[in-house]
Amino acid sequence: MAHTEMCHPTALGGSSPVAAAWEKLISGNGMPADAVRQMVEESWRRCLSSGVDPGQHAAPVTITEDALLVLKHHHDDLIQAARPVMAQGREFLADSRTVMVLTDPDGVILWVEGDPAARERSQDIRLVPGATWSESVSGTNAIGTALAAGQPVQITAAEHFCAGVKLWTCSAAVIRDPDDNRILGVLDISGLSASHNTHCLALAVAGASRIETRLAARHMERRARLLDLTLTRNRQWASQGMVIFDHRGRMVRANENAEGYLNGLGLNVGTCQDLTLPTGGDMPETLALPAWLNSDWLEPVMDREERLGTVLAIPVTRPARAGPVFADPLAETTTTDPFSAIIGTSAALTAVKKKARRLAGLPVPVLLLGPTGAGKEVFARALHAAGPNAGGPFVPINCGAMSRDLLASELFGYGDGAFTGARRGGMAGKFEAADGGTLFLDEIGEMPLDLQAHFLRVLEEGAVYRLGEHKPRTVRVRVVAAANRDVRAEVAAGAFRMDLFYRLAVTVLQLPPLSDRLDDIPSLVRHFVDQTQRAYGLGPKRPSADLITALRAYTWPGNVRELRNVIEGLVLLAEGDVLTRDDLPPEVARPVPRPSSIMAPPSETDHPRGSQDRPPGARAVVSLADCERETVVDAIAQEGGNLTRAASRLRIAKSTLYEKMKRHGIDRVSAIQMRRGT
């Protein structure tokens, strides 16, 4: 056999009996009794049954660089806990001709440190980030066999199953979650057999133990901060039915109001332990939630731009023991005309609602344009409820809240084994989830160009291909898309596909900002006051005339969403029964004029007195706000309008970048054009 000739025992770096037993096994002639350790024999037989090629020379690199970044982000806790251990490995293993390797629970390498010469040699067998060393992929090896056995393992030379690895010896120990004991990854030390010694296994075990200790400390510190924020600093949650989940989506604590609500539904608090809640940067709208749970009740708990966890805040209108009454989030959409539930009678809003009513019954895509907070999802839900697919699902997804790979899998789904870590049996995407209903794509302008082509194909053909599959799945979905920027300008700038734009923009609804419908403020205020009173079980509150006057004078850059948040805070904090201008936050009660566009920064003519008072030859004073505006514009322009990379360049969260753009009146296309001099 070709592979046996290539792997002669004398060339395998191991003892002849072990090499001879391996050759006899793979040739189909059985294996001598007690020729190898029982653990190795069991591993070899697993490899044979999995169809691993014994002549394989290296592990496969199974994921792309972008996917590796996503994987590292997913395992950030493990990586941060391993950081000092890997740093010590870099120093301790220098000149030792060995390397230290950290993997995820599927055997995918996340990090390699150690002797530079050994790292160079390790390229030959692909002991590199992104390569998979599970037994079923790369045969018997310390990483894969430790994962299979769930215990420390040392595999020496000829004990490896694949020929190309038989000159190496490796020692590995699994890293377990300190809370539930599940395997989080592996710490491995590998080197050519001549440079590896038995102490490497002890070093791997000690290193894995240190990582587990640091993980436990990190979990305890995060949990303490989470409980401090939710139970002490944000007392408004305590008056509701509150369930607290940590950053991994695991339930930490629930209060009596939550227990009362769940008991009233015939459920118990244990139900919450089975929920799959957002971790890291995932948004609640991407989740499949049970019928009793409204996504609006989920709130991320942030501290220093780090997500500590999630609060499930169930609105309670009276003490749970008396039988809780909860605000019905769908109450306003149960009328015969769903658009009548959209508050306001101003000319600008009435015109849009009239057009939307005509479009609702037509099975065509709709593109909603308007500033952030103007109510695009409210209109999307009304279009769905008034349309022919009202009985089907309404599935929202935010295209700007996910990385490229995550968005692709969420939209299109994936097949069984499409990538490392994929759910067994695959997963249906949002297109399939919305079959027979409406798919709402918010921030459509953030969809990467290459995904736009796949998206257009689904719209044209009415069929979706899951990632890693070649079988089309027919879907009948109405698409409603939304953007808060000028998509035509994005098309002109090359940031959005023209063909997709014209496919989506069969019908367009331009939603007015709140500043164009100031006549609606009194009715909106009364609505939000009543809504907050019901949600929190508070006594009656009445907005005064001077409050309405102050609210009409404000510019409302955050539109209706900002107004709702201001009124909710007002009702919760005001001591009297009458809400007055004095109860408003200072920035709303006495607003400072905002620059209308990044294209027209404040000039000296805007501040004549400051210009006259400045001594001759003195430099003009530039405000911090102007400096921040220019910095944000530069970052967006330098990254070609890619807001994810711009946020990374500025070292801020993407949500923070959005807030700064909104505060300074910046839009992406104008930023690019300004720096190009157009």
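What follows draws every value from the coordinates through simple rules; no lab data is involved. Given the structure is predicted, the values throughout are model-derived calculations rather than measurements. Cβ: placed from backbone, ideal geometry, glycine included. Neighbour counts: every protein chain shown.
Evaluate E = 1/(1 + (r/R0)^6) for I652 and Q151, where r is the Cβ-Cβ distance and R0 equals 41 Å; express this FRET efficiency to the nearest 0.05. Please list the in-between numbers first.
Numbers: r = 43 Å, r/R0 = 1.06.
Once the sixth-power term is evaluated, E becomes 0.40.
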Subject >> Largest-first principal axis extents, alpha carbons of the range 331-512, Å >> reply: 53, 39, 26
Subject >> Listed residue pairs exceeding 23 Å between alpha carbons, taken from K353/K541; K430/K471; K355/K430; K354/K541; K24/K166 >> reply: K353/K541; K355/K430; K354/K541
Original post:
Can you sort M447, M302, M39 by how many other beta carbons sit within 10 Å, fewest first?
Top reply: M302, M39, M447
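Need the full-extension length gain, V61 to I183, defined as separation in residues times 0.36 nm minus the C-alpha distance. One decimal, nm.
Values: separation 122, 0.36 × 122 = 43.92 nm, distance 2.18 nm.
So the chain would gain 41.7 nm between V61 and I183.
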**OP:** Starting from the Cα of K355, step 7 Å along the direction of its Cβ; do the same at R526; then give the gap between the two resulting points in nm.
**Re:** 2.8 nm
Original post:
What order do you get for 365-378, 492-505, 96-109 when each peptide is scored by the mean count of other beta carbon atoms within 10 Å, highest first?
Top reply: 96-109, 365-378, 492-505
Subject >> Separation between Cα centres of the range 201-228 and the range 435-514, rounded to whole Å >> reply: 43 Å
**OP:** Return the distance in nm (one decimal) between the two label points of a simple spin-label model at T198 and W292, each offset 7 Å from Cα along Cα→Cβ.
**Re:** 5.9 nm
Subject >> For a label point 7 Å along the Cα-to-beta-carbon line of A224, residues of the range 78-94 with backbone N under 20 Å >> reply: 78, 80-82
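R0 = 56 Å: FRET efficiency of A94 with L449, Cβ-based, nearest 0.05? Please list the in-between numbers first.
On the way: r = 44 Å, r/R0 = 0.79.
Efficiency for this residue pair is about 0.80.
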**OP:** Give me F161, F528 ranked fewest to most by other Cβ atoms within 10 Å of their Cβ, as a rough exposure proxy.
**Re:** F528, F161
**OP:** Can you figure out the FRET efficiency of V128 with A87, using R₀ = 22 Å and their beta-carbon distance, to the nearest 0.05?
**Re:** 0.70
Subject >> Gyration tensor (alpha-carbon) shape descriptor, the range 515-589, a/c threshold 1.5 >> reply: prolate
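Please state the charge dipole magnitude for the range 515-589, taken about the Cα centre, from unit charges on C-beta atoms (+1 on K and R, -1 on D and E), reported in debye and rounded to the nearest 20. Don't skip to the answer; put the middle values down first.
Numbers: 9 positive and 12 negative charges, 43 e Å.
Rounded to the nearest 20 debye, it is 200 debye.
What is the fewest-to-most order of S49, S138, S515 by other Cβ atoms lying within 10 Å of their Cβ?
On the way: S49 9, S138 28, S515 13.
Ascending number of Cβ neighbours within 10 Å: S49, S515, S138.
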